Amino acid sequence: MSIVTVQLGQCGNQVGQEFFEVISNDANDTQRKVYSECSSERFFNETANRNLVARSVLIDMEPKVISQSIAKAAKSGKWRYGDLSHFSQKQGSGNNWANGYCVHGPRHEEVVVDIVRREVERCDRLAGIMAMMSVAGGTGSGVGTYVTQCLRDAYPNSFILNHLTWPYGTGEVIVQNYNSVLTLSHLYQLSDAILVHENDTVHKICAQLMNIKHISFSDVNKVIAHQLGSVLQPALTGDSHGLYNRNPIGELMSGLVCHPEYKLLSVCNIPQVSSSSMAYSMFTWPALLKHLRQMLIANAKMEEGIDWQVRAPSHQPEGIERARSHRRPGFNTSLANLLILRGKDVNSAEIGGFQDPTLYTPWLPADEAFSMWKTPVPFNKYEKSAILVSNSQTLLRPLDNMVGKAWNMFASRAYIHQYTKFGISEEDFLDSFTSLEQVISSYSQL
(Lines give C-alpha, C1' and ligand atoms only; values in the text may rest on other atoms or scores of the structure.)
Protein backbone atom coordinates (compact mmCIF):
# COMPACT_ATOMS: atom_id res chain seq x y z
CA MET A 1 0.00 0.00 0.00
CA SER A 2 1.21 3.48 -0.84
CA ILE A 3 1.42 6.79 1.01
CA VAL A 4 0.85 10.05 -0.86
CA THR A 5 2.80 12.92 0.68
CA VAL A 6 1.65 16.53 0.33
CA GLN A 7 4.46 19.03 0.98
CA LEU A 8 3.17 22.47 1.92
CA GLY A 9 5.07 25.76 2.21
CA GLN A 10 8.80 26.32 2.58
CA CYS A 11 9.27 24.06 5.61
CA GLY A 12 7.06 21.24 4.31
CA ASN A 13 8.86 21.16 0.97
CA GLN A 14 12.34 21.25 2.47
CA VAL A 15 11.61 18.56 5.07
CA GLY A 16 9.81 16.50 2.43
CA GLN A 17 12.79 16.56 0.07
CA GLU A 18 15.14 15.42 2.86
CA PHE A 19 12.64 12.73 3.83
CA PHE A 20 12.55 11.22 0.35
CA GLU A 21 16.34 11.43 0.20
CA VAL A 22 16.60 9.34 3.40
CA ILE A 23 14.01 6.85 2.13
CA SER A 24 15.67 6.44 -1.28
CA ASN A 25 19.11 5.86 0.29
CA ASP A 26 17.66 3.33 2.71
CA ALA A 27 15.65 1.49 0.05
CA ASN A 28 18.43 1.45 -2.53
CA ASP A 29 20.09 -1.78 -1.34
CA THR A 30 20.00 -4.87 -3.53
CA GLN A 31 20.97 -7.05 -0.53
CA ARG A 32 17.54 -6.45 1.04
CA LYS A 33 15.23 -7.07 -1.86
CA VAL A 34 11.90 -7.59 -0.08
CA TYR A 35 12.46 -4.64 2.26
CA SER A 36 13.55 -2.38 -0.61
CA GLU A 37 10.63 -3.36 -2.82
CA CYS A 38 8.15 -2.72 -0.01
CA SER A 39 9.71 0.68 0.71
CA SER A 40 9.74 1.68 -2.97
CA GLU A 41 6.09 0.70 -3.46
CA ARG A 42 5.16 2.69 -0.36
CA PHE A 43 6.82 5.98 -1.32
CA PHE A 44 7.69 5.85 -5.03
CA ASN A 45 6.05 5.20 -8.35
CA GLU A 46 8.38 3.22 -10.65
CA THR A 47 8.41 4.27 -14.31
CA ALA A 48 8.93 1.99 -17.33
CA ASN A 49 12.62 2.96 -17.24
CA ARG A 50 12.80 1.86 -13.57
CA ASN A 51 13.17 5.44 -12.38
CA LEU A 52 11.74 6.21 -8.94
CA VAL A 53 9.24 9.08 -8.87
CA ALA A 54 8.14 10.27 -5.42
CA ARG A 55 4.46 9.84 -4.59
CA SER A 56 4.39 13.46 -3.55
CA VAL A 57 2.70 16.76 -4.34
CA LEU A 58 4.59 20.03 -3.75
CA ILE A 59 2.57 23.16 -2.95
CA ASP A 60 3.83 26.66 -2.17
CA MET A 61 2.73 30.20 -2.92
CA GLU A 62 6.27 31.09 -4.02
CA PRO A 63 8.24 29.09 -6.63
CA LYS A 64 11.78 29.26 -5.21
CA VAL A 65 11.74 26.42 -2.66
CA ILE A 66 9.83 24.03 -4.94
CA SER A 67 12.35 24.66 -7.74
CA GLN A 68 15.21 23.95 -5.34
CA SER A 69 13.58 20.75 -4.05
CA ILE A 70 12.94 19.44 -7.58
CA ALA A 71 16.53 20.23 -8.60
CA LYS A 72 18.03 18.51 -5.53
CA ALA A 73 15.93 15.39 -6.10
CA ALA A 74 16.96 15.16 -9.77
CA LYS A 75 20.61 15.76 -8.85
CA SER A 76 20.61 12.76 -6.50
CA GLY A 77 20.27 10.46 -9.51
CA LYS A 78 18.22 8.00 -7.41
CA TRP A 79 14.76 9.54 -7.54
CA ARG A 80 12.86 12.59 -8.72
CA TYR A 81 9.55 14.39 -8.33
CA GLY A 82 6.77 14.03 -10.91
CA ASP A 83 6.82 16.54 -13.76
CA LEU A 84 3.28 17.73 -13.03
CA SER A 85 3.14 17.11 -9.29
CA HIS A 86 3.77 20.64 -8.10
CA PHE A 87 1.93 23.94 -7.85
CA SER A 88 3.26 27.39 -6.98
CA GLN A 89 2.38 31.06 -7.40
CA LYS A 90 4.44 34.24 -7.47
CA GLN A 91 3.23 35.74 -4.21
CA GLY A 92 3.52 34.21 -0.73
CA SER A 93 1.07 34.31 2.17
CA GLY A 94 2.99 36.93 4.16
CA ASN A 95 3.31 34.72 7.28
CA ASN A 96 -0.43 35.19 7.78
CA TRP A 97 -2.60 32.14 8.44
CA ALA A 98 -5.74 34.02 7.40
CA ASN A 99 -4.24 34.98 4.04
CA GLY A 100 -3.36 31.35 3.35
CA TYR A 101 -6.61 29.85 4.64
CA CYS A 102 -9.14 32.42 3.43
CA VAL A 103 -7.53 33.67 0.20
CA HIS A 104 -4.90 31.38 -1.36
CA GLY A 105 -6.50 28.11 -0.27
CA PRO A 106 -9.98 28.68 -1.78
CA ARG A 107 -8.54 30.40 -4.85
CA HIS A 108 -6.39 27.41 -5.83
CA GLU A 109 -8.49 24.60 -4.36
CA GLU A 110 -9.55 23.04 -7.65
CA VAL A 111 -6.09 22.73 -9.20
CA VAL A 112 -4.45 21.51 -5.97
CA VAL A 113 -7.07 18.84 -5.31
CA ASP A 114 -6.76 17.72 -8.93
CA ILE A 115 -2.97 17.27 -8.62
CA VAL A 116 -3.42 15.22 -5.43
CA ARG A 117 -6.17 13.15 -7.08
CA ARG A 118 -3.85 12.26 -9.98
CA GLU A 119 -1.19 11.14 -7.50
CA VAL A 120 -3.70 9.06 -5.54
CA GLU A 121 -4.91 7.38 -8.73
CA ARG A 122 -1.35 6.20 -9.45
CA CYS A 123 -1.50 4.07 -6.29
CA ASP A 124 -2.77 0.50 -6.53
CA ARG A 125 -3.96 0.84 -2.93
CA LEU A 126 -3.85 4.01 -0.84
CA ALA A 127 -2.61 3.61 2.74
CA GLY A 128 -3.18 7.24 3.57
CA ILE A 129 -2.11 10.82 2.99
CA MET A 130 0.67 12.57 4.90
CA ALA A 131 0.62 16.38 4.84
CA MET A 132 3.93 17.98 5.85
CA MET A 133 3.90 21.60 6.98
CA SER A 134 5.09 24.19 9.46
CA VAL A 135 2.68 25.91 11.84
CA ALA A 136 4.51 29.25 12.04
CA GLY A 137 4.20 30.84 8.59
CA GLY A 138 1.31 31.56 6.26
CA THR A 139 1.38 29.01 3.45
CA GLY A 140 2.31 25.87 5.39
CA SER A 141 -0.12 26.66 8.18
CA GLY A 142 -2.96 28.48 6.40
CA VAL A 143 -2.95 26.85 2.97
CA GLY A 144 -1.92 23.57 4.64
CA THR A 145 -4.98 23.65 6.89
CA TYR A 146 -7.27 24.47 3.98
CA VAL A 147 -5.79 21.71 1.82
CA THR A 148 -6.17 19.22 4.69
CA GLN A 149 -9.84 20.23 4.90
CA CYS A 150 -10.24 19.64 1.13
CA LEU A 151 -8.52 16.24 1.40
CA ARG A 152 -10.81 15.23 4.26
CA ASP A 153 -13.82 16.10 2.09
CA ALA A 154 -12.39 14.31 -0.97
CA TYR A 155 -11.18 11.21 0.90
CA PRO A 156 -13.48 10.83 3.92
CA ASN A 157 -12.49 7.20 4.53
CA SER A 158 -8.71 7.59 4.10
CA PHE A 159 -6.24 8.14 6.91
CA ILE A 160 -4.74 11.63 7.06
CA LEU A 161 -1.57 12.16 9.08
CA ASN A 162 -0.37 15.73 9.51
CA HIS A 163 3.34 16.13 10.18
CA LEU A 164 3.92 19.51 11.83
CA THR A 165 7.14 21.39 12.50
CA TRP A 166 6.75 23.67 15.52
CA PRO A 167 8.74 26.94 15.44
CA TYR A 168 11.54 27.97 17.76
CA GLY A 169 10.15 29.24 21.05
CA THR A 170 12.22 32.43 20.81
CA GLY A 171 10.39 33.24 17.60
CA GLU A 172 10.81 33.17 13.85
CA VAL A 173 7.67 35.17 13.04
CA ILE A 174 6.03 37.75 15.32
CA VAL A 175 2.58 36.18 14.83
CA GLN A 176 3.74 32.55 14.90
CA ASN A 177 1.70 31.75 18.00
CA TYR A 178 -1.51 33.00 16.35
CA ASN A 179 -0.74 30.91 13.27
CA SER A 180 0.05 27.87 15.41
CA VAL A 181 -3.15 28.13 17.47
CA LEU A 182 -5.34 28.52 14.38
CA THR A 183 -3.60 25.62 12.59
CA LEU A 184 -3.72 23.16 15.49
CA SER A 185 -7.31 23.88 16.46
CA HIS A 186 -8.53 23.30 12.89
CA LEU A 187 -6.36 20.23 12.24
CA TYR A 188 -7.64 18.63 15.44
CA GLN A 189 -11.05 18.44 13.78
CA LEU A 190 -9.72 17.19 10.42
CA SER A 191 -6.72 14.96 10.94
CA ASP A 192 -6.55 11.40 12.25
CA ALA A 193 -3.25 12.11 13.99
CA ILE A 194 -0.77 14.97 14.30
CA LEU A 195 2.92 14.05 14.50
CA VAL A 196 5.00 16.93 15.85
CA HIS A 197 8.67 17.89 15.66
CA GLU A 198 9.84 20.89 17.68
CA ASN A 199 12.62 22.99 16.14
CA ASP A 200 14.11 23.71 19.57
CA THR A 201 14.50 19.99 20.34
CA VAL A 202 15.95 19.12 16.93
CA HIS A 203 18.36 22.07 17.19
CA LYS A 204 19.69 20.67 20.49
CA ILE A 205 20.12 17.23 18.88
CA CYS A 206 22.18 18.83 16.10
CA ALA A 207 24.34 20.74 18.59
CA GLN A 208 24.81 18.22 21.39
CA LEU A 209 24.55 14.81 19.70
CA MET A 210 25.58 15.46 16.10
CA ASN A 211 28.30 17.96 17.12
CA ILE A 212 27.37 20.41 14.36
CA LYS A 213 28.99 23.80 15.02
CA HIS A 214 27.03 26.06 12.66
CA ILE A 215 23.53 24.61 12.44
CA SER A 216 21.49 25.27 9.30
CA PHE A 217 17.86 24.53 8.50
CA SER A 218 19.17 21.73 6.29
CA ASP A 219 20.81 20.09 9.33
CA VAL A 220 17.57 20.37 11.30
CA ASN A 221 15.55 18.96 8.40
CA LYS A 222 17.91 15.98 8.03
CA VAL A 223 17.31 14.98 11.67
CA ILE A 224 13.54 15.31 11.25
CA ALA A 225 13.68 13.27 8.03
CA HIS A 226 15.73 10.54 9.72
CA GLN A 227 13.25 10.23 12.58
CA LEU A 228 10.23 10.28 10.27
CA GLY A 229 11.77 7.70 7.96
CA SER A 230 12.59 5.43 10.87
CA VAL A 231 8.88 5.39 11.76
CA LEU A 232 7.43 4.85 8.28
CA GLN A 233 9.89 2.45 6.67
CA PRO A 234 8.80 -1.24 6.50
CA ALA A 235 8.74 -3.25 9.73
CA LEU A 236 7.19 -6.43 11.09
CA THR A 237 4.22 -6.11 13.42
CA GLY A 238 3.10 -8.59 16.05
CA ASP A 239 0.49 -10.17 13.80
CA SER A 240 2.13 -9.71 10.37
CA HIS A 241 3.33 -13.35 10.19
CA GLY A 242 6.71 -12.43 8.75
CA LEU A 243 5.37 -9.94 6.20
CA TYR A 244 6.15 -6.25 6.34
CA ASN A 245 3.33 -4.02 7.55
CA ARG A 246 1.20 -2.99 4.61
CA ASN A 247 -0.33 0.17 6.00
CA PRO A 248 1.98 1.97 8.44
CA ILE A 249 -0.29 5.00 8.78
CA GLY A 250 -3.35 2.87 9.56
CA GLU A 251 -1.42 0.74 12.06
CA LEU A 252 0.07 3.88 13.62
CA MET A 253 -3.46 5.22 14.18
CA SER A 254 -4.91 1.97 15.51
CA GLY A 255 -2.07 1.56 18.00
CA LEU A 256 -1.70 5.14 19.21
CA VAL A 257 -4.91 7.13 18.67
CA CYS A 258 -7.60 5.35 20.65
CA HIS A 259 -9.70 8.46 21.34
CA PRO A 260 -10.41 11.57 19.18
CA GLU A 261 -9.48 13.85 22.07
CA TYR A 262 -5.87 12.61 21.98
CA LYS A 263 -4.19 13.03 18.60
CA LEU A 264 -0.78 14.56 19.38
CA LEU A 265 2.15 12.23 18.68
CA SER A 266 5.83 12.82 19.39
CA VAL A 267 8.81 10.78 18.25
CA CYS A 268 12.26 10.22 19.69
CA ASN A 269 14.95 7.81 18.65
CA ILE A 270 18.24 6.48 19.89
CA PRO A 271 21.12 6.49 19.07
CA GLN A 272 21.84 9.70 17.20
CA VAL A 273 25.52 10.40 16.60
CA SER A 274 27.60 12.27 14.05
CA SER A 275 28.68 10.30 10.98
CA SER A 276 32.32 10.62 12.06
CA SER A 277 31.54 8.97 15.42
CA MET A 278 29.41 6.16 14.03
CA ALA A 279 32.33 3.90 13.11
CA TYR A 280 33.62 4.04 16.71
CA SER A 281 30.27 3.58 18.47
CA MET A 282 28.99 0.30 19.91
CA PHE A 283 25.40 -0.08 21.03
CA THR A 284 23.58 -2.88 22.86
CA TRP A 285 19.81 -3.36 23.06
CA PRO A 286 19.70 -3.31 26.90
CA ALA A 287 21.52 0.04 27.02
CA LEU A 288 19.50 1.59 24.20
CA LEU A 289 16.15 0.53 25.67
CA LYS A 290 17.09 1.56 29.20
CA HIS A 291 17.86 5.07 27.96
CA LEU A 292 14.78 5.25 25.75
CA ARG A 293 12.48 4.19 28.60
CA GLN A 294 13.92 6.86 30.89
CA MET A 295 13.57 9.44 28.10
CA LEU A 296 9.86 8.54 28.00
CA ILE A 297 9.37 8.63 31.77
CA ALA A 298 11.26 11.90 32.33
CA ASN A 299 9.99 13.58 29.14
CA ALA A 300 13.53 13.95 27.77
CA LYS A 301 13.64 14.59 24.04
CA MET A 302 17.14 13.12 23.64
CA GLU A 303 19.55 10.91 25.57
CA GLU A 304 21.77 13.83 26.60
CA GLY A 305 20.75 15.27 29.95
CA ILE A 306 18.15 12.67 30.99
CA ASP A 307 16.84 13.15 34.53
CA TRP A 308 17.43 9.72 36.06
CA GLN A 309 15.78 10.78 39.34
CA VAL A 310 12.30 10.62 37.82
CA ARG A 311 10.72 7.23 38.48
CA ALA A 312 7.53 5.55 37.37
CA PRO A 313 4.95 5.35 40.18
CA SER A 314 4.91 2.16 42.19
CA HIS A 315 2.19 -0.22 41.03
CA GLN A 316 -1.13 0.57 42.68
CA PRO A 317 -4.47 -1.21 42.54
CA GLU A 318 -7.02 0.08 40.07
CA GLY A 319 -8.96 3.17 41.00
CA ILE A 320 -8.37 6.50 42.66
CA GLU A 321 -5.07 5.69 44.33
CA ARG A 322 -3.49 4.61 41.09
CA ALA A 323 -4.86 7.63 39.26
CA ARG A 324 -3.37 9.96 41.87
CA SER A 325 0.00 8.27 41.74
CA HIS A 326 0.29 9.12 38.05
CA ARG A 327 0.29 12.84 38.74
CA ARG A 328 3.70 13.06 40.33
CA PRO A 329 6.00 15.96 39.33
CA GLY A 330 8.22 15.32 36.33
CA PHE A 331 6.58 12.04 35.35
CA ASN A 332 5.30 11.82 31.78
CA THR A 333 2.10 9.77 31.65
CA SER A 334 1.44 7.93 28.39
CA LEU A 335 -1.82 7.11 26.69
CA ALA A 336 -0.14 4.78 24.18
CA ASN A 337 3.35 3.99 22.89
CA LEU A 338 4.73 2.36 19.77
CA LEU A 339 8.26 0.97 20.00
CA ILE A 340 10.09 0.31 16.71
CA LEU A 341 13.33 -1.66 16.74
CA ARG A 342 15.58 -1.88 13.68
CA GLY A 343 18.84 -3.74 13.26
CA LYS A 344 21.01 -6.61 14.33
CA ASP A 345 19.83 -9.17 16.93
CA VAL A 346 16.48 -7.42 17.15
CA ASN A 347 14.73 -10.55 18.44
CA SER A 348 16.94 -10.62 21.53
CA ALA A 349 15.76 -7.19 22.74
CA GLU A 350 13.91 -7.24 26.06
CA ILE A 351 10.95 -4.83 25.91
CA GLY A 352 9.19 -5.58 29.19
CA GLY A 353 10.02 -2.14 30.60
CA PHE A 354 7.68 -0.51 28.09
CA GLN A 355 4.80 -2.82 29.03
CA ASP A 356 4.78 -1.62 32.64
CA PRO A 357 1.17 -0.60 33.49
CA THR A 358 2.39 2.30 35.67
CA LEU A 359 3.63 4.13 32.56
CA TYR A 360 0.10 4.43 31.22
CA THR A 361 -3.15 6.14 32.07
CA PRO A 362 -5.20 3.95 34.42
CA TRP A 363 -8.27 3.76 32.16
CA LEU A 364 -6.53 1.85 29.36
CA PRO A 365 -5.06 -1.66 29.80
CA ALA A 366 -1.28 -1.69 29.26
CA ASP A 367 -1.49 -4.52 26.71
CA GLU A 368 -3.72 -2.30 24.55
CA ALA A 369 -1.61 0.81 25.13
CA PHE A 370 1.70 -0.68 23.96
CA SER A 371 2.61 -2.04 20.54
CA MET A 372 5.86 -2.94 18.82
CA TRP A 373 7.25 -3.18 15.30
CA LYS A 374 10.66 -4.61 14.46
CA THR A 375 12.93 -5.63 11.61
CA PRO A 376 16.46 -7.06 11.44
CA VAL A 377 17.23 -4.58 8.64
CA PRO A 378 19.32 -1.66 9.96
CA PHE A 379 18.15 1.87 9.15
CA ASN A 380 20.20 4.71 7.69
CA LYS A 381 23.63 3.22 8.56
CA TYR A 382 22.81 2.56 12.23
CA GLU A 383 23.52 -1.08 13.16
CA LYS A 384 20.86 -0.86 15.87
CA SER A 385 18.25 1.82 16.45
CA ALA A 386 15.19 2.16 18.66
CA ILE A 387 12.35 4.58 17.92
CA LEU A 388 9.49 5.53 20.22
CA VAL A 389 6.32 7.15 18.89
CA SER A 390 4.37 8.32 21.90
CA ASN A 391 0.90 9.66 22.58
CA SER A 392 1.66 11.15 25.97
CA GLN A 393 2.02 14.39 27.91
CA THR A 394 5.27 15.17 26.07
CA LEU A 395 3.78 18.06 24.08
CA LEU A 396 1.65 19.43 26.92
CA ARG A 397 4.09 22.10 28.12
CA PRO A 398 5.05 23.49 24.67
CA LEU A 399 1.37 23.53 23.68
CA ASP A 400 0.40 25.33 26.88
CA ASN A 401 3.22 27.87 26.40
CA MET A 402 2.21 28.55 22.82
CA VAL A 403 -1.48 29.03 23.66
CA GLY A 404 -0.53 31.27 26.59
CA LYS A 405 1.65 33.53 24.44
CA ALA A 406 -1.04 33.74 21.76
CA TRP A 407 -3.68 34.60 24.37
CA ASN A 408 -1.54 37.41 25.83
CA MET A 409 -1.21 38.93 22.35
CA PHE A 410 -4.91 38.48 21.67
CA ALA A 411 -5.89 40.08 25.00
CA SER A 412 -3.98 43.21 23.99
CA ARG A 413 -5.46 43.05 20.45
CA ALA A 414 -1.99 42.89 18.90
CA TYR A 415 -2.03 42.28 15.10
CA ILE A 416 -5.68 41.16 15.15
CA HIS A 417 -6.47 43.55 12.28
CA GLN A 418 -4.04 41.62 10.05
CA TYR A 419 -6.36 38.60 10.37
CA THR A 420 -9.77 40.25 10.40
CA LYS A 421 -9.07 41.95 7.05
CA PHE A 422 -8.88 38.50 5.44
CA GLY A 423 -12.08 37.24 7.07
CA ILE A 424 -10.97 35.66 10.37
CA SER A 425 -13.09 37.14 13.17
CA GLU A 426 -12.33 37.47 16.87
CA GLU A 427 -14.93 34.75 17.40
CA ASP A 428 -12.82 32.41 15.29
CA PHE A 429 -9.84 33.13 17.54
CA LEU A 430 -11.91 32.46 20.65
CA ASP A 431 -13.19 29.17 19.21
CA SER A 432 -9.60 28.11 18.51
CA PHE A 433 -8.47 29.01 22.03
CA THR A 434 -11.41 27.07 23.51
CA SER A 435 -10.63 24.03 21.38
CA LEU A 436 -6.97 23.90 22.41
CA GLU A 437 -7.73 24.59 26.08
CA GLN A 438 -9.86 21.44 25.96
CA VAL A 439 -6.94 19.48 24.47
CA ILE A 440 -4.61 20.82 27.19
CA SER A 441 -7.14 19.87 29.86
CA SER A 442 -7.54 16.35 28.47
CA TYR A 443 -3.79 15.67 28.38
CA SER A 444 -3.30 17.21 31.85
CA GLN A 445 -5.74 14.68 33.30
CA LEU A 446 -4.10 11.56 31.87
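Region 96-219 gives an Rg/Rh value of 1.03, both radii derived from C-alpha positions and Rh following Kirkwood.
Residue separation of Ala154 and Asp431 scaled by 0.36 nm, minus their Cα-Cα distance, works out to 97.2 nm of gained length. Taken per residue, the accessible surface of region 384-436 reaches 45 Å², heavy atoms only and a 1.4 Å probe. For Thr420, neighbours were defined as the other residues whose beta-carbon sits under 14 Å from its Cβ, and their charges (Lys and Arg +1, Asp and Glu -1) total -1. Using only the alpha-carbon atoms of region 43-157 as identical scatterers, what base-10 log of I(q)/I(0) does the Debye formula give at q = 0.14 Å⁻¹? Treating every Cα as an identical point scatterer, log10 I(q)/I(0) equals -0.59.
Under the simplified labelling scheme, the Arg413-Arg125 pair shows an inter-label distance of 5.8 nm, with each label point 7 Å from Cα along Cα→Cβ. Largest GNM mean-square fluctuation across Thr333, Thr284, Thr375, computed for the chain with C-alpha springs under 10 Å, falls on Thr284.
Beta bridges assigned by DSSP with both partners in region 329-400 are antiparallel in approximately 60 percent of cases. Computed from backbone phi with θ = phi - 60° and the Karplus coefficients 6.51, -1.76 and 1.60, the 3J(HN,Hα) list for region 193-207 is 7, 10, 9, 10, 10, 9, 4, 4, 5, 5, 4, 5, 4, 4, 6 Hz; x is used for glycine and proline.
Once the 1.4 Å probe is applied to the protein heavy atoms, region 129-181 comes out at 25 Å² accessible per residue. Taking only the C-alpha atoms of region 238-285, the Rg (one decimal) and the largest Cα-Cα distance, Dmax (whole number), read 16.4, 45 Å.
If you run the Gaussian network model on the chain, springs between alpha carbon atoms under 10 Å, then out of Gly169, Gly92, Gly144 the most flexible one is Gly169. Annotation: amide H of Ala235 within the under-5 Å range of Asn245, sequence separation 5 or more or interchain, hydrogens built in the peptide plane. In this structure, Arg107 and Asn401 have a Cβ-Cβ separation that, at R0 = 45 Å, corresponds to a calculated FRET efficiency of about 0.85. Residues within the reach of a label modelled at Asn51 (point 7 angstrom out along Cα to beta-carbon, backbone nitrogen below 17 Å), restricted to region 72-102, are 72-86. Compared with the direct C-alpha span, the chain from Gln91 to Ile351 gains 88.5 nm at full extension, assuming 0.36 nm per residue.
Could you tell me which of rounded, prolate or oblate describes region 72-129, using a ≥ b ≥ c as the square roots of the eigenvalues of the alpha-carbon gyration tensor, with rounded for a/c under 1.5 and, failing that, prolate when a/b is larger than b/c and oblate otherwise? Oblate. Normalised per residue, the accessible area of region 70-125 is 57 Å², obtained with a 1.4 Å probe and no contribution from ligands, DNA or RNA. In terms of its alpha-carbon gyration tensor, the chain comes out oblate; a/c meets the 1.5 threshold, while b/c is at least as large as a/b.
Under a Gaussian network description of the chain, with springs only between Cα atoms under 10 Å, the residue in Leu430, Leu341, Leu359 that fluctuates furthest is Leu430. Counting only DSSP beta bridges with both residues in the chain, the antiparallel share comes to about 35 percent. Distances between placed amide hydrogens fall under 5 Å for Asn299 paired with Asn332, all partners being 5 or more residues away or on another chain.
Shape summary of region 249-310, radius of gyration then Dmax from alpha carbon positions: 14.9, 45 Å. With Cα atoms defining each centre, region 361-431 and region 333-349 are spaced 22 Å apart in the structure. In this rough spin-label picture, where each label sits 7 Å from Cα along the Cβ direction, the Val310-Ile440 distance is 1.9 nm. Here the spin labels are modelled as points 7 Å beyond Cα on the Cα-Cβ line, and at Glu62 and His203 they lie 2.0 nm apart.
Between region 86-125 and region 127-175, how far is it from one alpha carbon centroid to the other, in angstrom? Each part's Cα centre sits 12 Å from the other's. Per atom type, region 29-103 shows carbon and sulfur on 47% of its accessible surface, probed at 1.4 Å. Placing unit charges on the Cβ atoms only, positive for Lys and Arg and negative for Asp and Glu, gives the chain a dipole magnitude near 920 debye about its Cα centre. Remark on Ala336: its backbone amide H falls under 5 Å from those of Asn391, a criterion applied only to residues 5 or more positions apart or on other chains, H modelled at 1.01 Å from N.
The values are calculated or read from the model by the stated rules, or taken from the named source; none is laboratory data. Nothing here was measured: the structure is a model prediction, and the numbers come from that model. Using ideal geometry, Cβ is built from the backbone for each residue, glycine included, and neighbour counts are taken over all protein chains shown. Calculation scope for accessible area: heavy atoms of the full protein, side chains included, ligands and nucleic acids excluded. Shrake-Rupley method; radii C 1.70, N 1.55, O 1.52, S 1.80 Å.
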